[in-house]
Amino acid sequence: MEPEKPNNLHDALHLFTYRENWTSRDRRSVTLRSITSKDKRIEKELIDGLSIQSSHYRFFHVLKEATEEMVNQFCDIDYKNEIAIIAEYNSNDRKRNVGVVRLFIDPSLQTGEFAILVADTFQNSGLGTKFMETLIDIGRERGLKSIYGTVLADNESMLALVKEFGFNIGANSGGEIRIDRQL
């Protein structure tokens, strides 16, 4: 993913601004880009539109509706300590967020915790794979030594994805599995 030149002071404050065009397996065009505070509406719509299963897999409980505080936290981020890339999809002249990958950088600057969310309508489209590639590239660019995450033990599609990317799969601890990968 190529860094984008900042358009304004707000964007210039971000350490990383990304933009990349990508095409899904079923030929839908998506723009991967840094999340901004202007994305609150589409971030809320993404979260509120998740199926029970997708919500459970991402948040480890069923989230019926994203609160304003949550949406603010997800969109108003400090790019020094966190990276968030959304997948913007335009359908019928309406902009939608169909996924997000986040990387929370540990204060040691050696490792980072990640989370991936893909809208139900984009699952099995290759977006999760694209997000994982992007995540690994960003981690390397930031000089991280490793990345890790937590996956619910019954989230078979995520576990299959991380196995493809060479993650170490930890033991099942209360239904949760820690995964990690050296960069």
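Each of R19, R102, R25 was scored by other Cβ atoms within 10 Å of its Cβ. Arranged with the fewest first, they read R25, R19, R102.
Sorted largest first, the principal axis extents computed over the alpha-carbon atoms of segment 101-146 equal 37, 15, 10 Å. Residues H56, H61 in ascending order of nearby Cβ atoms (within 10 Å, fewest first): H61, H56.
With unit charges on the beta carbon (Lys/Arg positive, Asp/Glu negative), name the residue among S51, A84, Q110 whose Cα is farthest towards the positive pole of the charge dipole of segment 45-120. It is S51.
Report the relative contact order of segment 9-145, percent, no decimals, based on alpha-carbon pairs under 8 angstrom and at least 6 residues apart. Don't skip to the answer; put the middle values down first.
Details: 209 pairs, mean separation 30.1, N = 137.
Worked out over segment 9-145, it gives 22 percent.
Charge dipole (Cα centre; +1 on Lys/Arg Cβ, -1 on Asp/Glu Cβ; no other charges) of segment 58-183 amounts to roughly 280 debye. A Förster radius of 30 Å combined with the Cβ-Cβ distance from F104 to R27 puts the calculated FRET efficiency at roughly 0.35.
In units of 2.2 N^0.38 Å, what is the alpha-carbon radius of gyration of the chain?
Details: Rg = 15.7 Å, N = 183, 2.2 N^0.38 = 15.9 Å.
Expressed relative to 2.2 N^0.38 Å, the Cα Rg reads 0.99.
Shape call for segment 81-179 from the C-alpha gyration tensor, a ≥ b ≥ c root eigenvalues: rounded (a/c under 1.5), prolate (a/b greater than b/c) or oblate? Don't jump to the answer; show the numbers that get you there.
Numbers: a/c = 2.15, a/b = 1.28, b/c = 1.68.
It comes out oblate by the Cα gyration axes.
Bear in mind that the values in this text are calculations on the coordinates, not laboratory data. For clarity, every value in this text was computed on a predicted model and none was experimentally measured. Cβ coordinates were reconstructed from backbone atoms using ideal geometry, including for glycine residues, and neighbour counts include every protein chain displayed.
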